[in-house]
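To keep things clear, I will list the structure first and then write my remarks on it.
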Amino acid sequence: MTAELVAGIDSSTQSTKVVVCDARTGEIVRTGRAPHPDGTEVAPAAWWDAFQEATGGLLDGVRAIGVGGQQHGMVTLDENNDVVRPALLWNDTRSAQAALDLVEELGGPSAWAKSVGSVPVASFTVTKLRWLAENEPKLADRVARVLLPHDWLTWKLTGGDPVTDRGDASGTGYFSPTDNAYRLDVLSHAFGGRTPELPTVLGPADAAGYTPDGVLVSAGTGDNMAAALGLELKPGDAVVSLGTSGTVFGVAETGAADVSGEVAGFADATGRFLPLACTLNAARVLTATAAMLGATLSEFDRLALAAEPGAGGLTFLPYLDGERTPNLPGATGSLSGLTRDNMTPENLARSAVEGMLCGLAAGLDAVRAHGLDVQRVLLIGGGAQSRAVRAVAPLVFGVPVQLPEVAEYVALGAARQAAWALASSAEPPSWQENQKLRLELDEPTEAQRAEGHRIQQRHLEAREAAYGVRRNLGED
Ligand SMILES: Nc1ncnc2c1ncn2[C@@H]1O[C@H](COP(=O)(O)OP(=O)(O)O)[C@@H](O)[C@H]1O
Ligand SMILES: O=C(CO)[C@@H](O)[C@H](O)COP(=O)(O)O
């Protein structure tokens, strides 16, 4: 019997990745990828070009396709459905002041957390629309429709009416994941009284439509929601994803409403919730530090692994692209604790790994404080390929860390959603049996846990001393 094939797309910040799988088992039979242009504003056509390149020759025989996309990006279309301006991405911080203004104008952090599950920062689409209204009013006047990156790609595939899903919609700042409804009042307020059309929010197993070749297209979702679907998360699981962004999340039965803004109360792609903390600086902290040291990524790992835990006392706050959690959009990175003795390439490499992971350990504490049970961490994303990351993660996270064998979980989750829509079943197909053994990293000893705790405390103290950031104590 020939396998029925489905394809999953991960259109993330730096690239498009594709997996083609057996719809019944999830076994991956083909993969592809293509890069995206650099920068925090990108013409959506570049994603379409990357999609074509990455899928070239791979989609023969595919019956259904699903798209997972970088969250939050603002895609604006005019009344002819032409793109009005390049999309502002989740990591573009120009709308930081707009975010502060909106939070104040609409009742403060607790009103926002209650109405849309999150306190918006510069990443959220709603703040980008406010920035556009204030800074490019003529372009804002032309906007007839607003989509997210995955909505736009899904629409390019079907050519039908634009649609989205609850997971990605929950990152806009004008959708309530608990009421499952848009907040058009919030949208209109933010966008200077304009109320552009929004995509219809589909259910988790709904079809968005068909390609001209008759391939079913599923609703698609945000990249983190797709990863959760690909990993088939269970209670007690938290994911740490080290891509361009660093994210920490898990699936929950109830929505989060964190007034501190550290935890976003997103929806997931199955009808549940996905409390998530996100940093702006993850894998690229490693690549930038490696470049500064004139080292390849594997030399960088060797250097970091040659240093002692604690990096000889160096503390690296890696806010190289500003930061989102903690909310410091204008911050720059800092390195402290330098002495003539500890100023070595080895310690610098190690401090970059520790600093990046400590930001995510703080995210783990934050999602825990908001009700997520964390018994183990599943480490994914490009940065999880680093040997140094694999060695340091169990120390600073303090729980068992596992590395799923398949690397591209966003694309896999998008493919699983496509298989779900194809089967039109109540629950998504279970692909667990086919998921090969996960690589279990050494469980930290008590001494290592204590070391990790000390490293984390030093990071938090440096953060507080430099930026006045206090820890999230979990009050809703
Ligand atoms: N061995 C490695 N060590 C450190 N970083 C790595 C390694 N392999 C890949 N990366 C980095 O991971 C990033 C890509 O990760 P990915 O999860 O695909 O990102 P995104 O989904 O945001 O596009 C790139 O910055 C790449 O340089
Ligand atoms: O903004 C968020 C999460 O809220 C980011 O996680 C983006 O969804 C981009 O993801 P990557 O390209 O880093 O995977």
Quiz item: Is the range 188-199 home to any residue that is open to solvent by less than 60 Å² (accessible area, probe 1.4 Å), outside any helix (DSSP H, G or I), without any contact (Cβ under 8 Å) to a residue 40 or more places away in the chain and farther than 14 Å from Asp151 by Cα?
Solution: yes
Quiz prompt | Selection within the range 382-405 - in a helix (DSSP H, G or I) and within 16 Å of ligand 2 (Cβ to nearest atom) | solution = Gly382, Gly383, Ala384, Gln385, Val389
Quiz item: If a residue has to be open to solvent by less than 30 Å² (accessible area, probe 1.4 Å), part of a strand (DSSP E or B) and either at positive phi or not small (Gly, Ala, Ser) (or both) to count, how many in the range 18-47 make the cut?
Solution: 6
Practice problem: Would you point out the residue of the range 383-413, among those that are within 12 Å of ligand 1 (Cβ to nearest atom) and of a type in the set (Gly, Ala, Ser), that is surrounded by the fewest Cβ atoms within 10 Å (Cβ to Cβ)? | Solution: Ala407
Exercise. Could you pull out every one of the strands (runs of 3 or more DSSP E) wholly within the range 238-281 that has 2 or more residues that are of a type in the set (Val, Ile, Thr)?
Key: 246-249
Exercise. Look through the range 177-225, keep the residues that are within 16 Å of ligand 2 (Cβ to nearest atom) and not β-branched (Val, Ile, Thr), and return whichever of them is farthest from Ile9 (Cα to Cα).
Key: Pro177
Quiz item: Any chance the range 429-450 includes a residue that's in contact (Cβ under 8 Å) with a residue 40 or more places away in the chain and within 24 Å of Leu293 (Cβ to Cβ)?
Solution: no
Quiz item: Any idea which of Thr13, Thr31 is within 13 Å of ligand 2 (Cβ to nearest atom) and of a type outside the set (Gly, Ala, Ser)?
Solution: Thr13
Quiz item: Assuming Phe316 fulfils every condition listed in (1) surrounded by fewer than 24 Cβ atoms within 10 Å (Cβ to Cβ); (2) within 16 Å of ligand 1 (Cβ to nearest atom); (3) within 24 Å of the chain's Cα centre (by Cα) apart from one, which condition is it?
Solution: (1)
Quiz prompt | Single residue of the range 50-81 satisfying the filter (more than 21 Å from the chain's Cα centre (by Cα) and of a type in the set (Gly, Ala, Ser)) that is farthest from ligand 1 (Cβ to nearest atom) | solution = Gly61
Quiz item: Hey, among the residues in the range 217-265 that are within 14 Å of ligand 1 (Cβ to nearest atom) and of a type in the set (Gly, Ala, Ser), which one's surrounded by the most Cβ atoms within 10 Å (Cβ to Cβ)?
Solution: Ala226
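The values are calculated or read from the model by the stated rules, or taken from the named source; none is laboratory data. Every value quoted in this text rests on a predicted model; they were computed, and no experiment measured them. When we count neighbours, we look across all protein chains shown, and the Cβ atoms used for this are built from the backbone with ideal geometry, even at glycine. Accessible surface areas use protein heavy atoms only, side chains included; no ligands, DNA or RNA. Shrake-Rupley method; radii C 1.70, N 1.55, O 1.52, S 1.80 Å.
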